[in-house]
Amino acid sequence: MPKRDPELTARNKIINGLSQEIKDLLPEVLNATGFDSVFSLNGKIGGKFAQFIDIQNEVITSPDHFISLWLQGYKEDLQSRGSYAQNSNLYETYKLLQKHSVFKDYLFLFLKRVYLRNFDALSKKRPTIENAEIYIGQNNANYGILVTPRFVSGDFWENDKSEIRHFKKQYWSIGHILKTGFIIPNKNDRITFRDIPDYLNFFVNVIVRNSGSKYEMEIAELYRKHVLTHSKPENIPLLIPEYRYEGIDVIHKYRLDFTIIEPNDLNKIGFELSPWSTHGYLKGTKKMTQKAINEKASGNFENEMRKHKSYFKKHGIFTLIYTDEDLKDTSKIFEDMKLYLEPKTSSNQLKIHIFDDFFTNDVTK
């Protein structure tokens with residue numbers, strides 16, 4: 001039997017407590033407001049979240065944050081109606097909230113419960129549509145990682161956009177790849193995995209091995225060990241090999257050796273292994289002048305820097321570059337990677353002022 005999630009258990013306990021508080025307040029609220037049933041009451045304050053809050057893009061970090069956004073959206077909706085605001089049902093409910101503190105208390109409890117019931121979907125940052133699919137690998141062995149993949153009209157893969165925010169796994173994590181697998185571009189086929197060891201075996205012995213780099217293989221093995229010994233392996237970010245700069249395009253300029261996308265903030269960090277033998281060594285210099293050698297070396301350097309600048313400008317990927325001295329001990333490189341292999345939280349500033357403003361001033365005037 002799988003272990004209970006202590007966070008989910010604690011959340012459900014709070015939700016049950018809120019439900020009881022709401023039930024206890026209900027008779028007094030109905031009497032004060034004149035609503036004839038709980039259904040008509042909740043109909044005035046429920047079901048309007050998408051109207052008042054940009055649910056698709058907001059990352060809502062707490063019940064208070066959710067309430068403040070709801071109040072702000074309610075206020076802006078009323079103000080947008082101009083001189084017609086006071087003739088609306090929205091305004092009638094608004095005045096009842098200002099008049100009866102018990103109704104305000106009920107509203108806050110109700111919204112807190114809504115937030116906690118939808119915590120997973122509301123609290124995490126979601127990738128934009130264009131960033132919800134990535135492609136990796138060599139030209140003839142490339143794979144796609146999508147969030148909510150579906151094959152369309154026998155032609156191509158795309159994300160089910162409406163379901164991206166409901167994706168229950170952490171984005172770009174081990175749990176993500178176990179859920180979706182790899183899609184095969186332009187073919188209605190996927191590579192799926194039975195469990196974590198099955199995925200890691202494919203990661204090490206198929207994808208990374210295909211690069212031919214002993215340094216990448218060493219790091220891949222360190223990653224495999226790290227995941228298999230972690231207390232929450234499904235939450236570990238993917239160590240993404242051969243991230244393709246131009247996506248699915250067959251002809252593309254660059255690939256990064258490894259990339260990590262932090263699941264909470266969706267920051268991208270690239271890791272480039274640059275041994276002199278493949279990134280700096282100059283062939284055929286015996287008949288070249290020193291000036292020509294310098295020009296060729298300069299051209300190679302400029303090309304390498306152009307690659308990393310392009311990644312940063314287009315994809316916002318900051319890249320760490322490791323040269324021969326670093327590559328003597330790849331375990332130290334992996335220690336750098338481990339800094340990004342644990343999810344980090346982010347917070348949004350709450351509009352605290354909206355609490356007092358909403359209930360003391362007429363926002364339509």
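Which of the residues that make up region 162-181 are touching a Leu at 6+ places or on another chain (Cβ under 9 Å) and not basic (Lys, Arg)?
Result: TYR171, TRP172, SER173, ILE174, HIS176, ILE177, THR180.
Tally the residues that are among the charged types (D, E, K, R) and surrounded by 16 or more Cβ atoms within 10 Å (Cβ to Cβ), restricting the search to region 59-85.
Number of matching residues: 3.
Looking at this structure, is HIS353 surrounded by 13 or more Cβ atoms within 10 Å (Cβ to Cβ), of a type outside the set (Gly, Ala, Ser) and modelled with pLDDT under 85?
In short, no.
Taking region 1-56 only, how many residues are without any contact (Cβ under 8 Å) to a residue 24 or more places away in the chain, surrounded by 12 or more Cβ atoms within 10 Å (Cβ to Cβ) and among the β-branched types (Val, Ile, Thr)?
Residues that pass the stated criteria total 2.
With region 80-176 as the region, which strands (runs of 3 or more DSSP E) entirely inside it contain at least 3 residues that are hydrophobic (A, V, I, L, M, F, W, C)?
Ranges flagged: 141-146.
Run VAL59 past the list (1) in a helix (DSSP H, G or I); (2) touching a Ser or Thr at 6+ places or on another chain (Cβ under 8 Å); (3) within 15 Å of LEU122 (Cβ to Cβ) and report the number of the one that doesn't hold.
(1)
The values are calculated or read from the model by the stated rules, or taken from the named source; none is laboratory data. Because the structure is a prediction, the values reported are computed rather than measured. Note that each Cβ is placed from the backbone with ideal geometry, even for glycine, and that neighbours are counted across all protein chains shown.
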